[in-house]
C-alpha cells in the first residue's frame, strides 16, 4: 500500500478535503458536543460532509476521528465506545469514498503534555495512540494522518505507535506553528513548545512518517513559509493544510477571511514549489477545496533534490553535520568515569552536577552533549531518564545517549524530545541485534564502534570491514545511511605509537569508500602522557583534516576548542571563516564582560537565579535556607520568587523561553 501510494505522488499532486468541524457546525452540531459521537448518533450528517468534499473532487477524505483517542473521549464519558466510534467513522468515510478517493484517519493530540512538562508518560501516550490507530486500521483506513500537533515528543509517541500497528500504511505527520505576532520577537514560526520547522522536519523524517508538513493555526501565506523551510531539508514528500486565513470575529462569530480564489492561488504556489499533497483546515469548505483542486489539477509534481546530512535535534534546535558540512563538538563531561562527586550524586539520585555541566559545556561552545549515567550503584534506567530531562531543561542542545545497556538507552530515547545519537553499537552480533532496532524504532542516529567479538583490529582495513558490516545491517532494517556514524576508535599513543596514524587511515577509508559521517573520542590518545592537551589538540587537527565530522572533547579545554575552530577554517569547513570571526573578534569584549559579571551573592539573588534557570532542587534548598536565616515567607515571595517569575514571564513574551520553561 505504502509503496504504491508514494509512487503515485511522483506523477500527481493530491488534494485532501477541508475542515470537518466547520462543516459540522454549519449543519447544526451543538456547541460543546463531541464531534466524534456523531459517527454513532447522526451518521448521515457525517456522510453529507464527506459527500460534499468527494463532489468537490478531492483525492483523500478524512474520517471523523480527530478527537477519537481515549483521553479526549473521556471528557464526554465515551471512552468505553472508542473502538465503536473510530470504526464507525472509517466505515462511513469508506462508504462515501467508494473507489473515487482514499480515506485518511486523522489523529489529533491528546490535549496533555508528556513528562516532564506534563504528567503523561511516554508509554501511556504510545498506548493511547496505538489503541485508536489499531481501531482505524482494522476498520480499513487507507492512511493515518497526524494533525495539529504542537508537542514534538507527543507526535514521536504517536508515530512510533502507528508504525508498530502497521509497517505498510502511509503515514502523514503535521505540526501546527505560530507566527511572530503570536510569539513576539523570537525566531518566527515555532510551535507553542518552541519547535521550529527545521527541527520538526528532522524529527518527523526520522520516525517513519511518509509525508511531513503542517496544518492549522496559520493561513496559506504563513504556512507557505513553513513549507519552504521544511522543503529545503526534508527527505520526505510534503503535505500542508492551511486555514482559510487567520480567524476573525464577525458579528460575534468566528469567521475566516480567505476566499476560495485566494486559497486556489496559494494552492498553485504550493504546487509549483514542490508540494505533494495539499488540503484545507479550519474555515475551508467544499467551495474552497473545489477551487484548489482546479488550481493544481494540471501542475505536475516537482522533482526535489534530496539533501544529504547527518542531523540531530533537541526540542528547539537542530544540528547538521557530515556530507561537507562543518564539523561539530560533542561535550564529554556528563560522564561519571573518574568523577567521584558525579558518581556519588548519581547513586543518590540527584542531578545538580548534570545541570551545571550541561550549562557550562553549552556556554563553552559544545554543539551536542553526551549523557552517561553509568555510575556504580546508580539506578541507570531511572537516572538516564532524569538526566535527559535535566539536560533538556537546562540547555537547548541535542543529546548523545551513552550506554551499552539497551534498557538504559530505551529509557533515554523515551525521555528525549528530539532526534538523538545512540552511543553505541559495535560489530558483535548481539549488539547489532539489540541496538540497531532501537535506533530504527526511535529514529536515532547510531554511533558504530569499529570493534567486534575479537576486539579492536590493529589495521585500518580491519576497522573498515567492521564499519561496512554495521552499515549494511543498519540499511537492511531501514536506517538511512546518513544516520550511521562511525567511530574508528582512538588508542593510547604512549602504549601503541603507530595506532594514531592507523586510526586516521581507517577514518579516511570510511569517508572515501563508504561516505559515512565519522566521530572520535579524541582525548584517549594522550593517556599516560604529561601536558595532555598538547597531544590532544594536535591529534584533533590531524583528524579533522582526515575527514572527522564530530569530535567528542572537553569544551572547557580552551586549547582543544581553539584547535577545532582554527582547523575548521584551514580545511575549508568554515567558509569565509564566518564562525571563527564571529567567535574570536568578540572574544576580548566577552572576556571583559565575564570578568565584570559577578555571581549572585545574597539569598534573594541566588533564589531569583535558580527560578530563572528552572533549577528545582536548588529552589527548594534556597527557600529552606532563607527561612532558616529568619526571612518571613511573604518576604521570600515578594523579594525573590515573584521577581524571578516576572523575569521568566518577560523572557516568554520575548520568545526567549517557551512553554516548557514556564511550566
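Just a few scattered comments:
- The stretch 288-308, residues that are surrounded by 15 or more Cβ atoms within 10 Å (Cβ to Cβ) and over 14 Å from residue 9 (Cα atoms): 288, 289, 290, 291, 292, 293, 294, 295, 308
- Only helices (runs of 4 or more DSSP H) whose full extent lies in the stretch 292-409 are considered here, and the ones with at least 3 residues that are touching a helix residue (DSSP H, G or I) at 6+ places or on another chain (Cβ under 8 Å) and under 30 Å from residue 192 (Cβ atoms) are 352-364, 380-394.
- Here residue 555 meets the list (1) touching a residue at least 12 places away in the same chain (Cβ under 8 Å); (2) part of a helix (DSSP H, G or I) almost entirely, failing just condition (2).
- Of the criteria (1) out of contact with any helix residue (DSSP H, G or I) (no Cβ under 7 Å at 6 or more places or on another chain); (2) buried (at least 18 other Cβ atoms within 10 Å of the Cβ), which one residue 461 fails: (2)
- Subset of the stretch 470-509 (residues that are more than 28 Å from the chain's Cα centre (by Cα) and in a helix (DSSP H, G or I)): 499, 500, 501, 502, 503, 504, 505, 506, 507, 508, 509
- Positions within the stretch 358-367 being more than 18 Å from residue 559 (Cβ to Cβ) and either at pLDDT below 95 or crowded, with 23+ Cβ neighbours inside 10 Å (or both), in sequence order: 358
- Selected residue [assigned by TED's automatic domain parsing to the domain that holds residue 275, more than 22 Å from residue 83 (Cα to Cα) and part of a loop (DSSP other than H, G, I, E, B)] from 194, 111: 194
- Residues in the stretch 223-237 that are surrounded by 22 or more Cβ atoms within 10 Å (Cβ to Cβ) and in a helix (DSSP H, G or I): 4 in all.
- Checking each residue in the stretch 502-551 for being more than 29 Å from residue 308 (Cα to Cα) and surrounded by fewer than 19 Cβ atoms within 10 Å (Cβ to Cβ) picks out 524, 527, 528, 529, 530, 531, 532, 533, 534, 538.
- Look at (1) under 24 Å from residue 32 (Cβ atoms); (2) touching a helix residue (DSSP H, G or I) at 6+ places or on another chain (Cβ under 7 Å); (3) crowded, with 16+ Cβ neighbours inside 10 Å and you find that residue 106 fails only one, number (2).
- The set of residues in the stretch 238-275 being buried (at least 24 other Cβ atoms within 10 Å of the Cβ) and assigned to a loop (DSSP other than H, G, I, E, B) consists of 242, 243, 244, 275.
- For first residues located in the stretch 1-20 and part of a helix (DSSP H, G or I), partners that are at pLDDT 95 or above and lie 6+ apart or on another chain with Cβ distances below 6 Å form the pairs 2/168; 2/170; 5/170; 20/64.
- When the stretch 21-34 is limited to residues that are part of a helix (DSSP H, G or I) and buried (at least 18 other Cβ atoms within 10 Å of the Cβ), the one that is modelled with the lowest pLDDT turns out to be 22.
The values are calculated or read from the model by the stated rules, or taken from the named source; none is laboratory data. Since we're looking at a predicted model, the values are computed, not measured. Virtual Cβ from ideal backbone geometry, glycine too; neighbours counted across all protein chains shown.
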